[in-house]
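Single-structure report; data block below.
The values are calculated or read from the model by the stated rules, or taken from the named source; none is laboratory data. Model, not experiment: these values are computed from the prediction. Counting neighbours? That spans all protein chains shown, and the Cβs are built from the backbone with ideal geometry, glycine included.
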Amino acid sequence: MHYILKSTFQSILKEKWINILSALAIASSLLIMVVTFLLVYNFHLATNRLPELFSVVIYLKDNLSREETDEIINQLKQRNDIAGVKYISKADALDDFKKTVKTAKAILEGIDDNPFSSYIELKLKREFVSRSAVENISADIKKINGVEETYFAERIVETIHFLKKSVHGVGIFLLAIISVVVIFISYSTVKILFYRKQEEIEIMKLLGATNNFIKAPFILEGGMLGLAGGLFAVIEVMIIFMVIKYQLSGMLPVFEGIVLPLLIFPFLILTGCLLGIIGSFIAIGRLRI
Amino acid sequence: MITFNNVSKSYNNITVLRHITFEVKRGEMVFITGPTGSGKTTLLKLIYHAEKPDEGEIRVGNFKVTSLNKKEIPYLRRNIGIIFQDFKLIDNMTVFDNIALSLQIRKAKDINNFVYEALKKVHLRHKADSYPKILSGGEQQRVVIARAIAAKTELILADEPTANLDPNTATAIMQLINEINIQGATVIIATHYRELFRNTWKRVFRLDEGNLIERVT
């Protein structure tokens, strides 16, 4: 073990420039990985709030008695897919219209009766905000006596679903690509170092060194490269996050709510280290000793 | 200790060793001689499995060398101290580290003591922290000997141990190898310098056109 550690650190110091460059290349790749992760993570947080804004509107038939309306509300409240029920009477619907539409007075001119229906606004539980679930709920509710029509914004449901799926897909694709890039950098560096040490390896073999004894410092060196890359990436991420949070957010408010989970730091270091080891493992494994 | 039974080796249809059969007993010291290119180094390489024979059987101690698999080769080599003609020292390691490496490979304990003891025997204790490149040829050869004897193996192979050395240094090196043999190690020396074995009573084999002929004294 003493030899393996000593040999690894000696090699890192001896070939410091190639090692520093490789670690920086790994850091840059890991940075892209973090930016991708943050985009996916923050988008996930943002889209997670969208189902709360989504609602199904149930238009009730005219001339329902208060008891009949309460019966419908009770039936809805008993369902396990509904998070909230809000009843809006005809009069309230008219008031809302007047409040929200500036030209309401002109529009309503000449109309004596209240043209609005009373309706119920439903908030669905998060897991039921998908097109098929909403369609099923809507169809069920239509069967209730006293319900005239149901309405929900199909395109919003579809958009939420599409955005979530695409962002996750792109995120996973990018993370996979970057992982391959980090593995390749470590692979190439260790392979170069390996070729430079051919004579040394030949001597060790003649002295009775096993393959594992020869390979171990290279594997460790790959891990150290990844570790250094991870540490560089942590510094880069912290600097970039500070700049975004405290400089850019003043100019672009979209950055105000950006969240950086602290777990990303150990994740970066461990990922760098692991990918470095995988890269060097592949590099050494493919070479005949 | 070492048995060659009907061993042949050729390169590109040129026979280097032809049906060689000989035995070296434990604690013995023998010379393999012959002109440059006669197959002395090949014969040594067959012993530590750096080359494979075309036919025949080789045994070294408990190892049947000719039927070793790849994973067993390092364990054979750990039982042999090799003094290479071209030294085979690692330039970016100090003298101490070069010797220590051979002990680390063997998973030895108390490495510091073993290294300094070996360096003391070759009178290079003061060069422990030097790098091989700044040493003279004689000093490098002594480091190689120190590396070969540090692990106290029972078998020492020396390939042209005095090549390119001045006569005084060559004599000192041979004295060292003699001492190693006196202490119990089996030693095989491959050399083309007649001076090394002219007055010896030890067995001398000559390689002549692939045949191994023992000198009759």
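Just one of the numbered conditions (1) in contact with a Gly (Cβ under 8 Å, 6 or more places away or on another chain); (2) surrounded by fewer than 16 Cβ atoms within 10 Å (Cβ to Cβ) is not true of A:Trp17; which one? Unmet condition: (1).
So that you can scan it fast, the table gives a plain yes or no per residue for (1) modelled with pLDDT under 85; (2) assigned to a strand (DSSP E or B); (3) surrounded by fewer than 15 Cβ atoms within 10 Å (Cβ to Cβ):
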site: A:Leu39; (1), (2), (3): yes, no, no
site: A:Phe43; (1), (2), (3): yes, no, no
site: A:Val56; (1), (2), (3): no, yes, no
site: A:Asp62; (1), (2), (3): yes, no, yes
site: A:Arg79; (1), (2), (3): no, no, no
site: A:Gly84; (1), (2), (3): no, yes, yes
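Kindly establish whether B:Glu23 is farther than 30 Å from B:Trp201 by Cβ, in contact with a strand residue (DSSP E or B) (Cβ under 9 Å, 6 or more places away or on another chain) and surrounded by fewer than 20 Cβ atoms within 10 Å (Cβ to Cβ). Spelling it out, it is not the case that B:Glu23 is farther than 30 Å from B:Trp201 by Cβ, in contact with a strand residue (DSSP E or B) (Cβ under 9 Å, 6 or more places away or on another chain) and surrounded by fewer than 20 Cβ atoms within 10 Å (Cβ to Cβ). Out of B:Leu103, B:Leu46, one residue alone is modelled with pLDDT of 90 or more, in contact with a helix residue (DSSP H, G or I) (Cβ under 8 Å, 6 or more places away or on another chain) and farther than 30 Å from B:Thr21 by Cα. It is B:Leu103.
Of the residues making up region B:36-87, just one is of a type in the set (D, E, K, R), surrounded by fewer than 17 Cβ atoms within 10 Å (Cβ to Cβ) and facing chain A (nearest Cβ under 8 Å), namely B:Lys71.
Pairing each residue of region B:158-187 that is under 19 Å from B:Ser136 (Cα atoms) with any residue that is basic (Lys, Arg), provided the two are 6+ apart or on different chains, yields C-beta distances under 9 Å for B:Asp159/B:Lys40; B:Asp159/B:Lys45; B:Glu160/B:Lys40; B:Thr169/B:Arg142; B:Ala172/B:Arg142; B:Ile173/B:Arg142; B:Leu176/B:Lys121; B:Leu176/B:Arg142. Restricted to region B:88-98, and to residues there that are more than 7 Å from every other protein chain (Cβ to nearest Cβ) and not polar (S, T, N, Q), the residue that is nearest to the chain's Cα centre (by Cα) is B:Leu89. The single residue among B:Ile58, B:Ile82 that is closer than 30 Å to B:Asn112 by Cα and touching a residue at least 12 places away in the same chain (Cβ under 8 Å) turns out to be B:Ile82. Applying the set (1) out of contact with any Asp or Glu (no Cβ under 8 Å at 6 or more places or on another chain); (2) farther than 21 Å from A:Phe213 by Cβ to B:Arg77 leaves exactly one unmet item: (2). Taken together, the residues in region A:203-223 that are at the interface with another protein chain (Cβ under 8 Å from one of its Cβ atoms), farther than 14 Å from A:Gly285 by Cα and in a helix (DSSP H, G or I) amount to 4. If the condition is being within 11 Å of B:Arg59 (Cα to Cα) and of a type in the set (Ser, Thr, Tyr), then region B:1-24 contributes only B:Thr3. Exactly one residue out of A:Val237, A:Val259 is part of a helix (DSSP H, G or I), touching a residue at least 60 places away in the same chain (Cβ under 8 Å) and either under 26 Å from the mean Cα position of the chain (by Cα) or over 22 Å from A:Ile18 (Cβ atoms) (or both), and it is A:Val237. Answer yes or no: is there a residue in region B:113-127 that is within 17 Å of B:Leu155 (Cα to Cα), within 11 Å of another protein chain (Cβ to nearest Cβ), crowded, with 16+ Cβ neighbours inside 10 Å and not acidic (Asp, Glu). No; the residues of region B:113-127 include none that is within 17 Å of B:Leu155 (Cα to Cα), within 11 Å of another protein chain (Cβ to nearest Cβ), crowded, with 16+ Cβ neighbours inside 10 Å and not acidic (Asp, Glu). Would you say B:Leu101 is under 20 Å from A:Ile4 (Cα atoms), within 16 Å of the chain's Cα centre (by Cα), of a type outside the set (D, E, K, R) and facing another protein chain (nearest Cβ under 8 Å)? Answer is no for this residue.
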